[in-house]
1. Neighbouring Cβ atoms within 10 Å as the yardstick, rank Thr139, Thr214, Thr80 fewest first.
2. Taking the highest mean first, how do the peptides 55-68, 88-101, 173-186, 200-213 order by number of other beta carbon atoms within 10 angstrom per residue?
3. Name the residues whose placed amide hydrogens come within less than 5 Å of the amide hydrogen of Val151, ignoring near sequence neighbours (fewer than 5 apart) on the same chain.
4. In whole Hz and in residue order, list the ³J(HN,Hα) couplings for segment 188-196 that follow from phi through the Karplus curve 6.51 cos²θ - 1.76 cosθ + 1.60, θ = phi - 60°; x for Gly and Pro.
5. Can you give me the Kirkwood hydrodynamic radius for segment 32-112, using every pair of distinct Cα atoms, in Å to one decimal?
6. Taking amide H positions as placed 1.01 Å from N in the peptide plane, with prolines and chain starts having none, which residues 5 or more places from Met115, or on another chain, fall under 5 Å of its amide H?
7. Rounded to the nearest 5, what % of DSSP beta bridges with both residues in segment 155-250 are antiparallel?
8. Using a 7 Å offset from the Cα along the Cα-to-Cβ direction at both Glu208 and Phe89, what is the distance between the two label points in nm, to one decimal?
Amino acid sequence: MRSGLLVFVFCASFFSGACSLMVSFDEPGEPACNMLPPDCSIESCLEKPECAWQECNPNIVYYDSPPSCDQDQQCVYSDTDGVECLANFFFSEGNFYGLCDLNRCPHGGVCIQGMVGSPAICVPYCNVSSHSRCPDGGTCYNTEDSSLIDVCFRSDGCDPVKNRGCGSGEGCYLIFNSETSCLPAGPQLANDRCKIAWDCAGGHVCSEIVPGDTYGKCIKVCQEQTQCDPAETCVPYGTYGLCQGPVPVK
């Protein structure tokens, strides 16, 4: 998971000519530390001053933060408990944007659960103002639920209307205006109850809480009126739209 770039140079500094031999290669799956700020989850970055060990604090709870706590612990944050050190037992390896492993995620992510029977997904957290970098090419989105924690999703370019472009067991979800992401898919269909988008099947979103209920409802994504039921309207939302029924008269 962590290591660095191995470079072998057969060359002496006092040679006046070019080096006689240079061989450079990366060990498989082990990137070089060539990003700014350095990604402290990569072993080759640990020599950088920015990756020096720190006491656990709210600024180093992300996936690429410098080491903290004891050797077998990680620094985490919650709205209720603030920052604390947790044992490695509570973390898993390498499944950001995928299914949680026994409700565990890699350090820097949180396992978000929906309704019973729906997938629980590891979502990396970030901060759009102070720490916007996300793992594996993800983008940081503002949740407006916390002053510190926002969340990462990968924009995959899948089709949320036809629910195409994702792997087996995944659905295409509209995550922000016109951006879409492939995530493990839930079973709920249009007008079924939901707590989070992936309670629903791909090609749907989960509404805000329905008045008089504790859940939202799954709403189908559309681009034209023919893709909705006759009693619904394809209401524009970014590049796409949402199939919505008539608003009840109060």
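1. Thr80, Thr214, Thr139
2. 173-186, 55-68, 200-213, 88-101
3. Cys126, Tyr141, Thr143
4. 3J(HN,Hα) across segment 188-196, in whole Hz: 6, 10, 3, 6, 6, 6, 7, 10, 8.
5. Hydrodynamic radius (Kirkwood, Cα only) of segment 32-112 equals 13.2 Å.
6. Lys195, Ile196
7. Around 95 percent antiparallel, to the nearest 5.
8. Each label point lies 7 Å from its Cα, and together they span 4.2 nm.
No value in this document is a laboratory result; all are computed from the given coordinates. These numbers were taken from a predicted model, which means no experiment stands behind them. Please note: Cβ atoms are built from the backbone with ideal geometry, for glycine as well, and neighbour counts cover all protein chains shown.
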